[in-house]
Amino acid sequence: MAVDQMSGILTRLIPYNFGLWRLETSLARPQLRPYSSYSVGSTQTLGLPDGRTLAYAAFGSSNGHAIFELHGFPGSRLEAAVYHQSALELGAQVIGVDRPGIGLSSPHLGRTVLDHAEDLRFLAKALGHSSYSIIGVSGGGPYALACAYLHSPEALKKVVLVAGMGPHDVSVKGMRIGNRFIFWCFQYFPWLARLTARLSATQYKRLIAMPDDQLSAYIAKTLKSRLRFRSVQEKDAEAMSDVYSLRMMLESGSEHFRQGTDAWLEEGRLVTSPIGFDLNDVKVPVLLWCGRQDLNVPLSVGEEIAKGLPEGLAKVRIEDETHISLVLNRRKEILGEVLNGL
């Protein structure tokens, strides 16, 4: 899900020294519409021990239970903005994190899924969260599972996959042909995958620049055409017709390409490679929210992931939703489930 390309950004860095790491506050958001990701969240950066920078943005309550949101593909830290209002109402803090090379996070070529899980463990400790949860949305699923494998159950209380992918051999089963084509390009024709990314980045910029009324009219016309040819599902179309959520998704998706298309290819390499650990070695309870109508990450993917997890640690929840509508229509329920019992 979601996106950002900013113009006229005022960036102010305030460094703090915390032993091995450097915590920086980056006020890098323009004065946009009141429902913009930049208006409701605060972006910060953390210096990692190897010299890289990890960027994140906090939404919702400033002192609630910390929930790290691992964005989809493409996506960025700004994707977590869609949970802002629900998090405020429930007293939770949702923290979106840019993966390496995305948004404001430094590149980390050759990384693994587990490398990013280690970055997230370091971030949680740096922010002083001795207890936290994780939500992995769509392409963020493998990273959420890696955290369930790597992080201590004493710290990581719950992992929730929302239409979440898993190991490559499981995730491609039943996936719509367009997604399988992109995965095929990652594996065999990366130059074509890069071209697709450049076209996407250009389209994100164009849509974000549109005034609300023009954006709504354009999206309505496009969705009507795609519904006619069944290239988009009705529930996804309904979800994308909300300009509030749509603009946040566009900002998140555009931010994915802030540094270019290298991170897109790195993400593609990882989602088409072995995940790097055995699901049966996961130590933290995992709840899998699946959409019965989801064609991007079908219900069968969640069921297969659950079968691979240790007995008693996996639970599958099925909703009559599609890929995008599952996130947008159930966001408050998802947060409520994370907080339940804590």
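The values are calculated or read from the model by the stated rules, or taken from the named source; none is laboratory data. Here the structure is a predicted model, which is why all the values come from computation and not from measurement. Note that each Cβ is placed from the backbone with ideal geometry, even for glycine, and that neighbours are counted across all protein chains shown. Heavy atoms of the whole protein, side chains included, go into the accessibility calculation; ligands, DNA and RNA do not. Shrake-Rupley method; radii C 1.70, N 1.55, O 1.52, S 1.80 Å.
Listed by chain and number, the aspartates and glutamates placed with their C-alpha closer than 17 angstrom to that of Lys205 are Asp4, Glu79, Asp213, Glu251, Glu255; residues fewer than eight positions away on the same chain are left out. Please go through the range 221-300 and write out the chymotrypsin sites (Phe, Trp or Tyr not before Pro) that DSSP classes as loop and that have at most 13 other C-beta atoms within 10 Å. Passing both the DSSP loop test and the Cβ count: Phe229. Phi-derived couplings, Karplus 6.51 cos²θ - 1.76 cosθ + 1.60 at θ = phi - 60°, listed residue by residue for the range 174-189: x, 5, 4, 4, x, 5, 5, 5, 4, 4, 4, 5, 4, 7, 10, 9 Hz, with x used for Gly and Pro.
Comparing Ile177, Ile134, Ile219 in a Gaussian network model of the chain, where Cα atoms under 10 Å apart are tied by springs, the biggest mean-square fluctuation is seen for Ile177. For Lys173, the lysines whose Cα comes closer than 23 Å to its Cα, not counting residues fewer than 8 places off in the same chain, are Lys235, Lys307, Lys315.
Here the Gaussian network model covers the chain, with springs between Cα atoms less than 10 Å apart; of Thr322, Thr43, Thr272, Thr272 fluctuates the most.
Summing -39500 (n - 2.57) over the DSSP H runs of n ≥ 4 in the chain and dividing by its residue number, what mean residue ellipticity at 222 nm do you reach, to the nearest 500 deg cm²/dmol?
Details: 14 runs with 144 residues, N = 342.
One gets -12500 deg cm²/dmol as the mean residue ellipticity at 222 nm.
By accessible area, using a 1.4 Å probe on protein heavy atoms only, the chain has 54% of its surface on carbon and sulfur.
Sort out for me the Cα centre separation of the range 109-132 from the range 152-227, rounded to whole Å. Comparing the Cα centres of the range 109-132 and the range 152-227, I get a distance of 24 Å. In this structure the chain gives 42 Å² per residue of accessible area when probed at 1.4 Å with all protein chains present. Evaluating kT/(6 pi eta Rh) at 10 °C and 1.306 mPa s, with the Kirkwood radius of the range 79-206 over Cα pairs in the Stokes-Einstein relation, gives 96 µm² s⁻¹. Restricted to Cα atoms, the chain shows a radius of gyration and a Dmax of 18.5, 58 angstrom.
Springs join every pair of Cα atoms under 10 Å in this Gaussian network model of the chain, and among Gly47, Gly136, Gly72 the largest mean-square fluctuation is at Gly47. The solvent-accessible area of Asp320, taken with every protein chain present and a 1.4 Å probe, is close to 80 Å². Of all DSSP bridge pairs formed entirely within the chain, close to 45 percent run antiparallel.
About its Cα centre, the chain has a charge dipole of approximately 680 debye under the convention of +1 per Lys or Arg Cβ and -1 per Asp or Glu Cβ, with nothing else charged.
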